[in-house]
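Have a look at the structure below, then the notes.
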Amino acid sequence: MTQAATLVKSRLEGGQYRVRFVNPQEHYRRLKAEIDGAIFDCLENGDLIHRKQLFDFEKNLAAYAGTKYAVGVNSGYHALLFSLIAKNIGPGDEVITVGHTFAATVSAIVHCGAVPILVDVAKDFNMDPEKLEAAITSKTKAVIPVHLNGRVCPMDEIMRLAQKHNLAVVEDAAQALGAIFQGTMGGAFGDAGCFSFYPFKALGGFGDGGAVTTNDPDVARIVTLLRYNGEDRDTGEFYYHGQTALLDNVQAAVLDVKLRHFPFWVAHRRRLARLYQEDLADVKEVALPHFLGQEHQDSYQNYVIRTERRDDLRSHLKDSGIETLVSWPTPMWHHKGLNLGPWNLPETESICREALSLPMNAEVTEEDVGIIARAVRDFFN
Ligand SMILES: *Cc1c(COP(=O)(O)O)cnc(C)c1O
């Protein structure tokens, strides 16, 4: 089930929650004046496609991410697909990514014609460089590290291996806006950084959206062509068979408003994470997502705990009025329709059994964290 379908289902079954996993109504209420202004500006001026609001947002996103360029597209999936195509990845090539990611990461590899190779993750849910190195063959042309849950992968090691083996690096930064490793933001290390503005990402629109960040003018140019049917709109020349995949101008206007608030939301998430840590530190049945490494500043897109009694804890929290999410209950390659063949990735399999995402977003309050932590403690007592 998709994340959205899971939420709808739990809403139907669950009745009133005290703490919702996401709260789009409250999110909108807090920003209503600014957002309404930005949307009505677009509507009144007829700024619907490929206008100033899109270009402004791209400029501001690039400045925030610390890259030369950002190109808006209509989803994180398209950001990944276009980045791979821009790096000339196609039939006959192998692309290495992790087993523990959203299906879109792997679908982008399949749809550019390459073969996805899945490797296992480490305890921090992210790509293990040793597993990456062991999977490299003469056919490997690219690697997609996935910065999951708002934590950047060990990009020093991954970039070193990529340089040694001449691999393109396309970062799946869909969950990593605002996350930092060694002073650099996720999405600014490799050839391309791929962001998603799906409504429940830390920076989310009112529908689908995405972007590619890059320092490479060729990647920026090719993605810009691919998103708009392959045509250079200044000259009318078609360079590729592209797609219809622009980031909508109205979405860009909304995202540009939200981007101004975004650094405060990241600070809020870090504060909530510290509170969870304080409140749950002595619950020995639960592993918390606080990992070693001074050089990491995680942004906590998700706050994912692990416990062997995950499903029972989840029911208990639901009965206590607390909505949670499991991402993802089934390893991706177990879905027969994806045709990914068998893989042996024990850490990914155990995460699928043990991981539980607790409420974590800009609308969750410090008091909410107290309520949630108390319910978790009650369960284990
Ligand atoms: C959300 C997400 C994507 C896909 O983004 P969409 O905008 O939904 O296409 C890809 N990878 C990861 C890790 C994600 O969380």
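The values are calculated or read from the model by the stated rules, or taken from the named source; none is laboratory data. No experiment lies behind these values; they were computed from the predicted model shown. Using ideal geometry, Cβ is built from the backbone for each residue, glycine included, and neighbour counts are taken over all protein chains shown.
Brief remarks on what is shown
- Number of residues in region 288-307 that are in contact with a helix residue (DSSP H, G or I) (Cβ under 9 Å, 6 or more places away or on another chain), in contact (Cβ under 8 Å) with a residue 40 or more places away in the chain and more than 16 Å from the ligand (Cβ to nearest atom) equals 5.
- Qualifying positions in region 109-122 - within 18 Å of the chain's Cα centre (by Cα) and surrounded by fewer than 20 Cβ atoms within 10 Å (Cβ to Cβ): A122
- Once region 206-258 is narrowed to residues that are of a type in the set (V, I, T) and within 16 Å of the ligand (Cβ to nearest atom), the residue that is nearest to E34 (Cα to Cα) is V254.
- Taking region 223-247 as the range and being surrounded by 12 or more Cβ atoms within 10 Å (Cβ to Cβ) and not in a loop (DSSP other than H, G, I, E, B) as the test, the residues that pass are V223, T224, L225, L226, Y228, E231, D232, F238, L246.
- Taken across region 141-152, residues that are more than 11 Å from the ligand (Cβ to nearest atom), under 29 Å from V254 (Cα atoms) and modelled with pLDDT of 95 or more do occur, with at least one present.
- Subset tally (residues that are closer than 17 Å to K123 by Cβ, touching a strand residue (DSSP E or B) at 6+ places or on another chain (Cβ under 7 Å) and without any contact (Cβ under 8 Å) to a residue 60 or more places away in the chain) for region 142-164: 5
- In region 59-104, residue farthest from the ligand (Cβ to nearest atom) [restricted to those that are touching a Leu at 6+ places or on another chain (Cβ under 6 Å) and in a helix (DSSP H, G or I)]: N60
- If you go through region 165-182 and keep only what is away from the ligand (no atom under 16 Å from the Cβ) and either touching a Leu at 6+ places or on another chain (Cβ under 9 Å) or in contact (Cβ under 8 Å) with a residue 60 or more places away in the chain (or both), you end up with L167, A168, I180, F181, Q182.
- All positions within region 34-58 that are assigned to a helix (DSSP H, G or I) and either among the hydrophobic types (A, V, I, L, M, F, W, C) or buried (at least 19 other Cβ atoms within 10 Å of the Cβ) (or both): I35, A38, I39, F40, C42, L43, Q53, L54, F55, F57, E58
- Yes/no for E130 being surrounded by fewer than 24 Cβ atoms within 10 Å (Cβ to Cβ), out of contact with any helix residue (DSSP H, G or I) (no Cβ under 6 Å at 6 or more places or on another chain) and not in a loop (DSSP other than H, G, I, E, B): yes
- Residue match in region 329-339 (condition: among the hydroxyl-bearing types (S, T, Y) and in a helix (DSSP H, G or I)): no
- Which listed residue is more than 21 Å from the chain's Cα centre (by Cα), within 16 Å of A70 (Cα to Cα) and modelled with pLDDT of 95 or more, from R221, R227: R221
- Lone unmet requirement of (1) in a loop (DSSP other than H, G, I, E, B); (2) small (G, A, S); (3) more than 16 Å from the ligand (Cβ to nearest atom) for A162: (1)
- Residue within region 29-44 that is within 29 Å of V304 (Cβ to Cβ) and within 17 Å of the chain's Cα centre (by Cα) present: no
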